[in-house]
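Reviewing the structure listed below.
Taken together, the values in this text are just the output of simple stated rules run on the coordinates, not laboratory data. Source: prediction; values computed, not measured. Glycine also receives a Cβ, built like all others from the backbone with ideal geometry; neighbour counts cover every protein chain displayed.
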Ligand SMILES: C[S@@+](CC[C@H](N)C(=O)[O-])C[C@H]1O[C@@H](n2cnc3c(N)ncnc32)[C@H](O)[C@@H]1O
């Protein structure tokens, strides 16, 4: 697998709209709380039971991106560290979405990608919104070895700025995401941007990616506004287009924007995991035909399917 530089930013295409103040306050109230960012506490929470209910529901325990480096540094075998990292990142909120993910969760859509990949002599895959990247690993392993695969996310890293008990956390765009003050995390999805290079980067790539040979990296790419410099025949987007996260107009706009990164005849695969779907997963596939994206396949009725049942430009 190779990982080329691919992203160009077209600033004429608007990103997801900023939340109104009332919704931002609601978000801050819901997502802020007691926060220790200790791996031992994460393990206790993951063990479930009464402790988890008490901690998460009654003590409003939160985890911030600061826990990621601590888990990465644990003296554990790779498989264990990787699994804990995935579970830690799955509890982290990054504005509209959580970074929830899991190894092997997108098997239905991965099979669909593999079937269509056979149509191309040298398949190239762009995956968007990958979180820590583990949900891409099975597909990457199954694609032909010469496949060029590029993993991306809007927040492939966070930045910490500040010292000791007061740390500001910036998102992948350099905007203030939260303030950690002693044992309290204030999740503040502000539009204020600070220079991320003045802080310390917290990478989100799972240890399995970072320690692969050669290492796999995650590149910044916003589905609402970015476009690949060289279009791809295959684009996978799993668990990003959730109608609870984004208004329908934003999802439609983002899909049209992703169309700019597709080759003519190329496919966009959109999937979602949820227990309410038969088989726990639903997906649909749009093909770029000239200026249009046309629905060519669907399984288990993805909640956003109805937005694309006609052709879209
Ligand atoms: C629920 S996770 C899904 C992760 C992975 N695809 C999976 O299925 O396990 C959603 C991911 O989408 C990313 N995301 C949110 N908004 C995005 C945007 N506008 N462009 C690209 N990625 C975005 C988040 O940072 C997060 O990592």
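Brief remarks on what is shown
- Enclosed volume per residue, in Å³, of the convex hull spanned by Cα atoms of the chain: 139
- Estimated inter-spin distance, residue 217 and residue 193, nm [label 7 Å along Cα→Cβ]: 2.1
- Shape call, the range 145-226: gyration tensor on alpha carbons, a/c limit 1.5: prolate
- The label-point distance for residue 264 and residue 122, in a model that sets each label 7 Å from Cα toward Cβ, rounds to 2.1 nm.
- If a spin label sat at a point 7 angstrom from the Cα of residue 28 along the line to its beta carbon, no backbone N atom of the range 80-102 would be nearer than 14 Å.
- If you sort the three axes of the alpha carbon gyration tensor as a ≥ b ≥ c, you get a/c of 1.5 or more for the range 133-192 and a/b above b/c, which makes it prolate.
- Alpha carbon convex hull of the range 74-175, volume per residue in cubic angstrom: 135
- Listed residues 60, 115, 70, most fluctuating in the chain (Gaussian network, C-alpha, under 10 Å): 115
- Computed over the range 225-279, the percent of Cα pairs more than 16 Å apart is 48.
- Estimated [θ] at 222 nm from DSSP helical runs (n ≥ 4, -39500 (n - 2.57)) normalised by residues in the chain, nearest 500: -6500 deg cm²/dmol
- Computed from the Kirkwood radius of its Cα pairs, the Stokes-Einstein diffusion coefficient for the range 151-308 at 10 °C and 1.306 mPa s stands at 89 µm²/s.
- The C-alpha atoms of the chain define a longest principal axis, and helix 21-31 lies at about 70 degrees to it.
- Judged by the mean number of other Cβ atoms found within 10 Å, the most tightly packed of the peptides 220-229, 185-194 leads the ranking 220-229, 185-194.
- Rounded to the nearest 10 degrees, the inclination of helix 78-89 to the longest alpha-carbon principal axis of the chain is 80 degrees.
- For the chain, built as a Gaussian network whose Cα springs stay under 10 Å, the top-fluctuating residue of 181, 295, 23: 23
- Put simply, when 37-50, 90-103 are sorted by average Cβ atoms within 10 angstrom per residue, most first, you get 90-103, 37-50.
- Inter-label distance for residue 40 and residue 145, nm, one decimal - labels placed 7 Å from Cα along Cα-to-Cβ: 4.6
- Computed over the chain, relative contact order equals 18 percent, with contacts defined as Cα pairs under 8 Å that lie 6+ residues apart.
- Chain lengthening between residue 57 and residue 114 when straightened (0.36 nm per residue, less Cα-Cα): 16.4 nm
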